[in-house]
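A short worksheet on the structure shown next.
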Amino acid sequence: MSHESKKKAVALKYDQKQDASPKVMANGKGFVADNIINQALENNVPIQEDSTLVELLSQLNIKENIPEELYQAVAEVFAYIYQTDKQFEGRNK
C-alpha cells in the first residue's frame, strides 16, 4: 500500500457553550485512523465519510479550530450527526 492510499480519519468536537467553532481533536492515517474510527464506533459516535473534507481537516493541528472556509462543509457533517442522533433516539423510545 502506498503512503498516499492509507486511510485517514479526523475527529471533531464542538461545544456551543465553549467553542467559537469545531476543533480537531484527533487525526491520523493508517493504524491511527483505524484507532480513531474504532474509538468512535465503540462510543456510538456517528461517522461521516468525506475524503475531501478529511484531507483538508487533516492539515490542521490538534485542538485547532476549523477555518471559516470549512464551516459549511463541517456544518453539513454536524447536521448529519444530529439527524442520526434523532433517528437513534426515536428507535430507542
Expected vector for the stretch 76-86, Karplus 3J(HN,Hα) from phi with 6.51, -1.76, 1.60 and θ = phi - 60°, integer Hz, x for Gly and Pro, equals 5, 5, 5, 5, 4, 5, 4, 5, 4, 4, 5
Nonlocal amide H pairs with E64, under 5 Å, H built at 1.01 Å:
V24
Roughly what would the spin-label model give for Q72 and Q18, points 7 Å off Cα along C-beta, in nm?
3.0 nm
Charge dipole of the chain built from unit charges on the beta carbon (Lys, Arg +1; Asp, Glu -1), centred at mean Cα; most positive-end Cα among F31, N65, V10 is F31
Helix-only mean residue ellipticity at 222 nm, the chain, DSSP H runs n ≥ 4 weighted -39,500 (n - 2.57), per residue, nearest 500. What is it?
-13500 deg cm²/dmol
Answer in debye to the nearest 20: the dipole magnitude of the stretch 54-93 about its Cα centre, from +1 Lys/Arg and -1 Asp/Glu charges placed on Cβ, is 360 debye
Answer label for P(r) over Cα pairs in 10 Å bins from 0, in percent (calculated), chosen among (1) 12, 16, 14, 13, 10, 9, 8, 7, 5, 3, 1; (2) 15, 47, 30, 7, 0; (3) 15, 45, 27, 11, 2, 0:
(2)
For the chain, which chymotrypsin sites (Phe, Trp or Tyr not before Pro) are in a loop by DSSP, counting at most 13 other Cβ atoms within 10 Å?
none
Among the lysines, select those whose C-alpha is under 30 Å from the C-alpha of K63, and discard any that sit fewer than 8 residues away in the same chain.
K6, K7, K8, K13, K17, K23, K29, K86
In sequence order, what are the phi-derived ³J(HN,Hα) couplings for the stretch 29-37 according to the Karplus relation 6.51 cos²θ - 1.76 cosθ + 1.60 with θ = phi - 60°, rounded to whole Hz, with x for glycine and proline?
9, x, 4, 5, 4, 4, 5, 4, 5
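Share of the chain's accessible area from carbon and sulfur, percent, 1.4 Å?
49 percent
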Out of the GluC sites (Glu not before Pro) in the stretch 38-73, which ones are loop residues according to DSSP with at most 10 other C-beta atoms within 10 Å?
E49
Electrostatic dipole magnitude of the chain [Cβ: Lys, Arg +1; Asp, Glu -1; Cα centre; debye, to 20]:
300 debye
Give me a comma-separated list of calculated 3J(HN,Hα) values for the stretch 45-57, in order, Karplus coefficients 6.51, -1.76, 1.60 applied at θ = phi - 60°, integers in Hz, x for any Gly or Pro.
8, x, 10, 10, 9, 7, 4, 5, 5, 4, 4, 5, 5
Computed label-point distance, nm, for sites N65 and E42 using a 7 Å Cα→Cβ extension:
3.2 nm
When only C-alpha pairs under 8 Å and at least 6 residues apart count, what is the relative contact order of the chain, in percent?
28 percent
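The values are calculated or read from the model by the stated rules, or taken from the named source; none is laboratory data. Computed from a predicted structure; not experimentally measured. So basically every Cβ, Gly included, is an ideal-geometry build from the backbone, and we count neighbours across all protein chains shown. Quick note on the areas: whole protein, heavy atoms, side chains included, nothing else; ligands and nucleic acids left out. Shrake-Rupley method; radii C 1.70, N 1.55, O 1.52, S 1.80 Å.
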